[in-house]
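Right, one structure below, let's go through it.
The values are calculated or read from the model by the stated rules, or taken from the named source; none is laboratory data. Values in this document were obtained by computation on a predicted structure and should not be read as measured data. For neighbour counting, all protein chains shown are included, and Cβ atoms are generated from backbone atoms with ideal geometry for every residue, glycine included. Just the protein is used for accessible areas: all its heavy atoms, side chains included, with ligands, DNA and RNA removed. Shrake-Rupley method; radii C 1.70, N 1.55, O 1.52, S 1.80 Å.
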Amino acid sequence: MTLKIRPITDHDFFSWYDLYVAYGKFYETEVEGDRAILVWSWLIDPAHETEALVAEDDGKLVGVAHIREFARPLAGERGIYIDDLFVDPDARNSGVASALIAEVKSIAAKRHAGIVRWITADDNETAQRLYDKLANRTSWVTYDLVV
């Protein structure tokens, strides 16, 4: 495996799309079609807050992370939030997720952000085993208020 973590480019659309759709299916969420096109438009727009990193192995995209900066008023600093992290099932357990998170941490350090934060489903025990090795599990509870 020759793994390279890099920012997404215009040429990555079809490979990114396949990973994004697989990510949606993993979480039983429909992302095909218009939603995917909207998210893609965000990712390739340098003025949009959302960015993407991809993991490339010998020319094939095997992972993706969507990230964005956020303000932390109580801490008086900024952070980087990982909105989505997905690794192709065939590439799992090969260090792809760890490499993506390490690159996000590097970006956070370069931007003087104080924290990298993400959430995962409470039943995603496989991911949690990795995350528990890389970061501190918090005691915060998340709420969604649908508008």
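State the number of residues belonging to the range 115-129 that are in a loop (DSSP other than H, G, I, E, B) and open to solvent by 50 Å² or more (accessible area, probe 1.4 Å).
Our first condition is that a residue be in a loop (DSSP other than H, G, I, E, B); within the range 115-129, this holds for 119-124.
Remaining after also requiring open to solvent by 50 Å² or more (accessible area, probe 1.4 Å): 119, 122-123.
Total satisfying the criteria: 3.
So which residues in the range 34-46 are β-branched (Val, Ile, Thr) and either open to solvent by 60 Å² or more (accessible area, probe 1.4 Å) or within 19 Å of residue 99 (Cβ to Cβ) (or both), if there are any at all? Lay out the reasoning, then the answer.
To start, the set of residues in the range 34-46 that are β-branched (Val, Ile, Thr) comprises 37, 39, 44.
If the condition is that a residue be β-branched (Val, Ile, Thr) and either open to solvent by 60 Å² or more (accessible area, probe 1.4 Å) or within 19 Å of residue 99 (Cβ to Cβ) (or both), then 37, 44 are the ones that fit.
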- If residue 64 passes every condition in (1) over 13 Å from residue 15 (Cβ atoms); (2) in contact (Cβ under 8 Å) with a residue 24 or more places away in the chain but one, which one does it miss? (1)
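Got at least one residue in the range 52-64 being in contact with a helix residue (DSSP H, G or I) (Cβ under 8 Å, 6 or more places away or on another chain) and of a type in the set (D, E, K, R)? Can you show your working first?
Just the residues of the range 52-64 that are in contact with a helix residue (DSSP H, G or I) (Cβ under 8 Å, 6 or more places away or on another chain), to begin with: 52-55, 57, 60-64.
Subset that is of a type in the set (D, E, K, R): 57, 60.
Checked against the condition, which is being in contact with a helix residue (DSSP H, G or I) (Cβ under 8 Å, 6 or more places away or on another chain) and of a type in the set (D, E, K, R), the range 52-64 yields at least one hit.
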- In the range 11-33, residue least open to solvent (accessible area, probe 1.4 Å) [restricted to those that are at pLDDT 95 or above and either farther than 17 Å from residue 87 by Cβ or not in a helix (DSSP H, G or I) (or both)]: 13
